[in-house]
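As structure tokens, the structure follows; a few thoughts come after it.
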Amino acid sequence: MNVNVRDVATDRAAEANRRARWMRQLRQWHWISGAVSLVSILLFAITGITLNHSSAIEAKPVVSTQEAALDNAVVEALAKEPRTGRTPVPAPVAAAVLAAIGIDVVGREVEWSETDAYIPLPRPGGDAWVSVERDTGALTYERTDRGWISYLNDLHKGRHTGSAWSLFIDVVALASVVFCITGLLLLQMYAKGRSMTWPLVGVGIAVPVLLALLFIH
């Protein structure tokens, strides 16, 4: 009988140790993923509100324009380029644009036409473009700025933000998934002492599902 009692006590101690190790691991992953994604989740939550109410948040675009004249060497280079389609910006044109107005267009695409070379420069929170007339070398640069709220909204959507920001969004999303899963597992471990745990989780699941089923058509 004494042997059985010792065995039960040993099993309970082993189970308690396993639970404690799991708790430590979950807590560690939970706080690490939370620390990594904290500011980003806050940013995406706030911009979720601004996007949801975008019609009520008016943005007054500010448009600025620069003009310059490129030299004959650029005009001659443009004469050799196609009249339709898209290609990367030719090196002489990119160098001339940078020297004239300080805008780097290396790696961008040109939309060719009979009259000009049009270089779109989309950006978060606004827009921009460069146009160079093929016959004269007249350059026009226009930039539209729709404000910082529009800028943050575009960061939320990953609109015209480039590959580095796209990778960052993936990392934040992965960290958020880890944060949520470890949080759920911690809820499970603490649920015995907190009777409202699963009812509240159920409410969190049911509300969006019912809203989607009943009000989204």
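Residues that are within 22 Å of SER54 (Cβ to Cβ), at least 3 per element: which strands (runs of 3 or more DSSP E) completely within the range 84-163 meet that?
On the way: elements: 86-88, 109-112, 116-120, 126-133, 138-145.
Counting at least 3 such residues, we get 126-133, 138-145.
Is one or more of the residues making up the range 170-178 touching a His at 6+ places or on another chain (Cβ under 9 Å) and outside any loop (DSSP other than H, G, I, E, B)?
Taking the range 170-178 as the starting set, the residues that turn out to be touching a His at 6+ places or on another chain (Cβ under 9 Å) are 178.
In the following step, the residues that additionally are outside any loop (DSSP other than H, G, I, E, B) were identified as 178.
Checked against the condition, which is being touching a His at 6+ places or on another chain (Cβ under 9 Å) and outside any loop (DSSP other than H, G, I, E, B), the range 170-178 yields at least one hit.
Does at least one position in the range 40-62 carry a residue that is over 30 Å from VAL171 (Cα atoms) and in contact with a helix residue (DSSP H, G or I) (Cβ under 6 Å, 6 or more places away or on another chain)? Yes. Just one of (1) surrounded by 15 or more Cβ atoms within 10 Å (Cβ to Cβ); (2) under 28 Å from PHE44 (Cβ atoms) fails for ALA164. It is (1).
Over 26 Å from the mean Cα position of the chain (by Cα) and buried (at least 16 other Cβ atoms within 10 Å of the Cβ): is that true of ALA77 in this structure? Yes; evaluated as a whole, the condition is true for this residue.
Quick grid of which residues meet (1) surrounded by fewer than 13 Cβ atoms within 10 Å (Cβ to Cβ); (2) over 30 Å from ILE101 (Cα atoms); (3) free of Cβ contacts under 8 Å to residues at least 12 places away in the same chain; (4) of a type outside the set (Val, Ile, Thr):
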{"residue": "THR140", "(1), (2), (3), (4)": "no, no, no, no"}
{"residue": "ARG146", "(1), (2), (3), (4)": "no, no, no, yes"}
{"residue": "ILE149", "(1), (2), (3), (4)": "no, no, no, no"}
{"residue": "HIS160", "(1), (2), (3), (4)": "no, no, no, yes"}
{"residue": "PHE179", "(1), (2), (3), (4)": "no, yes, no, yes"}
{"residue": "LEU185", "(1), (2), (3), (4)": "no, yes, no, yes"}
{"residue": "TYR190", "(1), (2), (3), (4)": "yes, yes, yes, yes"}
{"residue": "GLY193", "(1), (2), (3), (4)": "yes, yes, yes, yes"}
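Take the range 126-159 and flag every residue that is farther than 20 Å from ILE41 by Cα and within 23 Å of the chain's Cα centre (by Cα).
If we filter the range 126-159 for residues that are farther than 20 Å from ILE41 by Cα, which is where we start, we get 126-147.
If the condition is that a residue be farther than 20 Å from ILE41 by Cα and within 23 Å of the chain's Cα centre (by Cα), then GLY126, ASP127, ALA128, TRP129, ARG143, THR144, ASP145, ARG146, GLY147 are the ones that fit.
Every number in this text was worked out from the coordinates using simple rules, so none of it is lab data. Computed from a prediction, not measured in an experiment: that's the story for all the values here. Note that each Cβ is placed from the backbone with ideal geometry, even for glycine, and that neighbours are counted across all protein chains shown.
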